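Step one of this worksheet: look at the structure below.
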Amino acid sequence: MVIDSERLTQMYRTMVRIRLFEERVSTEFAAGNIPGFVHVYIGEEATATGACATLRPDDYITSTHRGHGHLIAKGGSTDRMMAELFGKKTGYCKGKGGSMHIADTDIGILGANGIVGAGIPLAGGAALSARMRGTDQVVICFLGDGASNRGTFHEGVNLAAVWQLPVVYVIENNLYAEKTRIADTYRLPNLSDRAGAFGIPDVTVDGNDVVAVYEAVGEAVARARRGDGPTLVECKTYRIHGHFEGDPQTYKPRGEVEEWKKKDPIDSFRKRLLEMSVLSQERVEAIGTEIAGEIEQAVTFARESPFPAPEEALEDVFA
Ligand SMILES: Cc1ncc(C[n+]2csc(CCOP(=O)(O)OP(=O)(O)O)c2C)c(N)n1
Ligand SMILES: [Mg+2]
């Protein structure tokens with residue numbers, strides 16, 4: 001597959017945007033400016049970026065508790081995301097939701113989710129709705145290796161397979177569910193092997209290679225769009241930070257993080273784009289400066305925005 005320079009550059013920019021956003025979230029969290037739990041996506045940027053680059057603006061995604069990368073890749077605003085993390089009124093949920101509850105239905109983001117595996121039935125519902133409305137919209141459902149052990153996965157993927165719904169399941173196998181290694185809870189070599197139980201196609205890719213992700217998910221999206229049902233895509237990647245910010249990570253074997261840092265998805269993509277002359281060194285630096293400025297502006301926006309008023313606490317509660 002030939003991918004044009006503009007799209008390659010766009011994907012590079014998205015990966016840098018996710019990385020710089022997450023690095024800043026990490027330092028702002030450590031400084032005490034972000035309340036609650038935060039799970040960052042550092043090291044996994046190629047997966048969300050390659051997957052979302054295959055979608056149309058009117059397509060959908062469902063996300064997870066580690067959602068910032070998915071949301072940015074689908075076009076979420078870094079200003080409103082940062083404000084939400086800071087608990088401010090200008091955030092996506094008026095500062096009342098935080099990191100794990102960011103949604104933007106106007107651009108097809110059906111929500112991050114604090115409940116592991118909860119995006120799976122939502123993705124099936126959105127896909128069924130697309131079919132009933134007679135559209136050819138597609139849903140990408142992001143989930144973790146840990147989530148693939150949940151009942152919602154087996155029930156949700158099976159139903160989507162039986163009904164041939166337009167969903168692409170992207171499993172981000174980052175080796176861990178909290179402190180538990182996937183190898184301690186699952187015996188087969190690939191999580192994508194689970195597709196055989198549902199009778200749907202599967203593919204396993206290097207989740208740190210944005211082009212490989214783009215190609216594999218692109219094929220799966222095309223299949224879903226033409227009515228040929230779901231696909232299970234496993235992206236093998238690694239989370240460089242802890243499960244949550246502040247996690248001491250004593251469960252990771254010595255040297256593992258350093259080994260994976262050598263496979264950094266942004267470094268390797270940058271090298272490739274320089275070799276292909278898609279980008280020059282000057283352009284790389286200009287992109288870095290521009291996006292660093294955007295993130296700085298997002299932090300300023302968040303910092304200077306007001307907190308929601310106490311009397312608004314019970315607004316937007318549906319029960
Ligand atoms: C239903 C449910 N069970 C348990 C938890 C606690 N929990 C939060 S994240 C997580 C691990 C998820 O692992 P994985 O799906 O691999 O995603 P990753 O954190 O690696 O991105 C667990 C068990 C939860 N939030 N929801
Ligand atoms: Mg995991």
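Only the coordinates and a few stated rules stand behind these numbers; no lab work does. Values in this document were obtained by computation on a predicted structure and should not be read as measured data. Positions of Cβ are backbone-derived with ideal geometry, glycine not excepted, and every protein chain shown enters the neighbour counts.
Observations
- Normalised size of the range 38-184, defined as Cα radius of gyration per 2.2 N^0.38 Å with N residues, equals 1.01.
- Eigen-decomposition of the gyration tensor built on the alpha-carbon atoms of the range 200-255 gives equivalent ellipsoid semi-axes of 32, 11, 10 angstrom, largest listed first.
- Every helix of 4 or more DSSP H residues in the chain counts as -39500 (n - 2.57), and over all residues that averages to -13000 deg cm²/dmol at 222 nm.
- Each Cα pair under 8 Å and six or more residues apart adds its separation to the average, and for the chain the resulting relative contact order is 23 percent.
- Kirkwood-type hydrodynamic radius, the chain: 19.9 Å, calculated from all non-identical alpha-carbon pairs.
- All alpha carbon pair distances within the range 1-48 were sorted into 5 Å bins beginning at 0; the resulting P(r) in whole percents reads 5, 20, 22, 19, 13, 9, 6, 4, 2, 0.
- The relative contact order of the range 165-319 comes to 25 percent, based on Cα pairs under 8 Å that sit 6 or more residues apart.
- Span from the the range 105-132 Cα centroid across to the the range 182-238 one, whole angstrom: 18
- Backbone N under 14 Å from the ASP267 label point (7 Å along Cα→Cβ), restricted to the range 221-241: 240
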